[in-house]
Amino acid sequence: MYAVVEIAGQQFKVEKDQKVYVNRLDGKEGSKISFDNILMLDNSGKIVLGDPVVKGASVQAKIVKHLKDDKVIVFKKKRRKGYKVKNGHRQALTQIVVENILEKAVKAKAKTETSKTDAPAKKVAAKKPVAKKTATAKKPAAKKTATKKTVTKK
């Protein structure tokens with residue numbers, strides 16, 4: 001079983017007991033977190049697609065540690081101009097382990113939603129008819145004549 005989940009603005013394909021490096025998450029090492037933005041589930045060939053997310057499904061994970069990625073060097077140069085800039089940074093990451101992928105009876109949720117929509121709708125107050133405004137014909141703007149420039153000879 002695997003799921004496509006959105007974590008911190010990025011999409012990951014995760015399976016149970018998989019280690020994933022994601023952008024830094026709030027939370028202490030050893031704490032458990034749950035992700036509800038499940039875009040797709042695959043349970044032994046039975047695929048459930050979200051619209052945009054699968055309702056009721058979640059992925060439970062545990063934060064293993066916070067760390068920094070390898071250094072990335074950003075070097076900018078414009079040739080023949082004497083312009084050189086060297087910058088770098090180390091991305092802050094969080095290592096998580098996926099502990100469980102829960103489907104949580106997706107079909108049962110869908111049935112309860114349809115029963116809620118069968119409830120009688122509230123009565124809406126009748127709207128008063130609006131009188132139509134008569135459109136006045138607009139006159140086209142008068143064209144301006146171009147003035148000729150005088151050329152002086154030297």
* To do: Pick out, from region 32-85, the strands (runs of 3 or more DSSP E) lying fully within it that include 1 or more residues that are exposed (fewer than 10 other Cβ atoms within 10 Å of the Cβ) and either more than 20 Å from the chain's Cα centre (by Cα) or touching a residue at least 24 places away in the same chain (Cβ under 8 Å) (or both).
  => 46-49, 58-78
* Identify the residue in region 5-25 that is within 13 Å of A61 (Cα to Cα) and assigned to a loop (DSSP other than H, G, I, E, B) and, among all such residues, is farthest from the chain's Cα centre (by Cα). => D17
* Kindly establish whether K28 is out of contact with any Lys or Arg (no Cβ under 6 Å at 6 or more places or on another chain), within 17 Å of Q91 (Cβ to Cβ) and modelled with pLDDT of 95 or more. => no
* Which members of region 7-24 meet the condition of being in contact (Cβ under 8 Å) with a residue 24 or more places away in the chain and surrounded by fewer than 16 Cβ atoms within 10 Å (Cβ to Cβ)? -> Q11, E15, K16, D17, Q18, K19, Y21, N23, R24
* **Residues located in region 53-82, provided they are among the basic types (K, R) and modelled with pLDDT of 95 or more** => K62, K65, K68, K71, K76, K77, K78, R79, R80, K81
* Asked: When the residues of region 86-107 are filtered to those that are among the aliphatic types (A, V, I, L, M) and part of a strand (DSSP E or B), which remaining residue is surrounded by the fewest Cβ atoms within 10 Å (Cβ to Cβ)?
  -> A92
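The values are calculated or read from the model by the stated rules, or taken from the named source; none is laboratory data. All values reported here derive from a predicted model rather than from experimental measurement. FYI the Cβ positions are ideal-geometry reconstructions off the backbone, even for glycines, and counts take in every protein chain you see.
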